Amino acid sequence: MMEEPRILTKEETLAVWRLRAIQEVFLTAGCLRVFDRPAGELREAYRVADAEDPHRLSKLIGKYVKRGNGYVRVLGNGEGGAFAELPDGVTPGEVVDDLDFSEATPLQDRLRELSRTLREAAPEDSGIEQLAGAVQAILEACRPENEQERFDQVREWANTEVLGADGPGDVQDMIDRAYQFFERVGIYAKELQRGFSADGSTIAAMLAIRAIVLARAELADDREYEMDALIESILYLAPGSSERIEPIATGLAARMVRLGYQEAVRQGAESLKAEGDGLIVKALNGESLTYYQALYPAAAYELGAVRVGQAAASATQDPDERRRWAKLAVNAEERAVRVSTALGFALQNLDGSGIAHHVLWLRRVREEKGDDVARLKALDLVENQLFYPRALLPVLLNEADPSD
């Protein structure tokens, strides 16, 4: 005789609700920050529009929709490609002016609603109050000037702790200061990422600068050249006129290639790519409950490799090298986009409807085409699309109870 399900206590119910709230906050913030805030909001705005009226976007597939000062070409999967200007050959019939999402903030709106709900639902729960405070901090970091402020902090450290710091100023002193600076930048990038306090693009640029400069220093023949490698790059970074760090990162990578330090740039780019790939593998092999939290950091490293690869490809004069750099950048970009897409899928799958749909779909595939084809389809959802960790393969293939 089947036992009746046990009724959860108030404390257990609150714990379950708190866990779901944490997941929703993380996934919403992750979708907002994985690349950059405007891009995250735009993708979510298109998803919302498609959910409300599936026919609305289907009529726009392949067309260019006016958005702010640019255009977005709507793709068949609901995503969009951004263009500052219309490409040559676009006809008036391919341009749409009445679907402008440039002011839409669906992800920030969702976070605001979550913050309100959290505080109303459990006003005396310290854990919930702490989570609500974290949401408010994320929203505060969405100010337009936030990314400039993050870069200003890095430049301030470069000036005060390396270039203008008191000390003997000899070779060893300058080397020590420089390494301490880059260690601090690496820690800062991870702190920003954990707190969703900066866009993934900003964090990727910090990681990229650090990787290529340290690679150049590592390849130096002696201490003098090691110091030059470090300080020259910090001088390039510190006084910069740009308000954003991304063009500084790409400009530095291109400059290093033009000056003959292509091997160092490659080593730095490949280290970023390897770190991103490693984080993806680690997430895939990890626990289901923490899968997306483990997956999210990989995007910044992959995006850092994209920026370095694209900059190096534009700077080199060797056609073969240009192709190699372009291949690295494309591969890294594909991985970063898949991480972003997986986070978006997970946000829509909070109620379990996504995995339920895939389980039913794979059951039909198995009935029509056999077990091997169904397993290949399931592996594609996991290994290529990154929708689920490997631990959920048995669930997808109906070989285990989803509640296990």
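Extension gain, residue 317 to residue 258, is 20.4 nm, computed as 0.36 nm per intervening residue step minus the present C-alpha separation. Each part reduced to its alpha carbon centroid, the range 277-291 and the range 141-164 end up 32 Å apart. With Rh defined as the Kirkwood radius, the inverse of the mean 1/r over Cα pairs, the Rg/Rh of the range 104-152 is 1.09. The packing ranking of peptides 319-328, 246-255, highest mean first, is 246-255, 319-328, where packing means the average number of other beta carbon atoms within 10 angstrom of each residue. Helix 246-258 and the longest principal axis of the C-alpha atoms of the chain enclose an angle of approximately 50°.
Between 0 and 90 degrees, the angle of helix 146-157 with respect to the longest Cα principal axis of the chain falls at about 40 degrees. For the chain, the Cβ-based charge dipole about the Cα centre amounts to some 920 debye (Lys, Arg positive; Asp, Glu negative; other atoms uncharged). At q = 0.12 Å⁻¹, work out log10 I(q)/I(0) for the chain with the Debye formula, treating every Cα as an identical point scatterer and leaving solvent out; two decimals please. Log10 of I(q)/I(0), two decimals: -1.09. Full extension of the chain segment joining residue 94 with residue 117 gains 4.0 nm, where the gain is 0.36 nm per residue of separation less the Cα-Cα distance.
Rounded to the nearest 10 degrees, the inclination of helix 171-194 to the longest alpha-carbon principal axis of the chain is 20 degrees.
Annotation for residue 152 and residue 285: the two label points, set 7 Å from Cα along the Cα-Cβ direction, are 4.4 nm apart.
The listed peptides 346-353, 308-315, ordered by packing as a protection proxy, come out as 308-315, 346-353 (highest mean of other Cβ atoms within 10 Å first). Restricting the calculation to Cα atoms, the range 351-404 shows an Rg/Rh of 0.93 when the hydrodynamic-style radius is the Kirkwood one.
For the range 143-349, the alpha carbon positions stretch 57, 40, 31 Å along the principal axes, listed from largest to smallest.
Sorting the segments 105-112, 297-304, 371-378 by their mean number of nearby beta carbons within 10 angstrom, highest to lowest, gives 297-304, 105-112, 371-378. For the chain, what is the mean residue ellipticity at 222 nm derived from helices alone (per DSSP H run of n ≥ 4: -39500 (n - 2.57); sum divided by total residues; nearest 500 deg cm²/dmol)? The per-residue figure over the chain is -21500 deg cm²/dmol.
Across the chain, C-alpha contacts under 8 Å between residues 6 or more apart give a mean separation that, scaled by the residue count, equals a relative contact order of 13 percent. If r is the Cβ-Cβ distance from residue 361 to residue 184 and R0 is 56 Å, what FRET efficiency results, to the nearest 0.05? After rounding to 0.05, the efficiency reads 0.70. Lysine pair count for the chain with Cα-Cα distance under 26 Å and sequence separation of 8 or more or different chains is 7.
Rule-based calculations on the coordinates, nothing more; no lab input. The model shown is predicted, which means the values in this text are computed figures rather than measured ones. Reconstructed Cβ throughout: ideal geometry from the backbone, glycine too, with neighbour counts over all protein chains shown.
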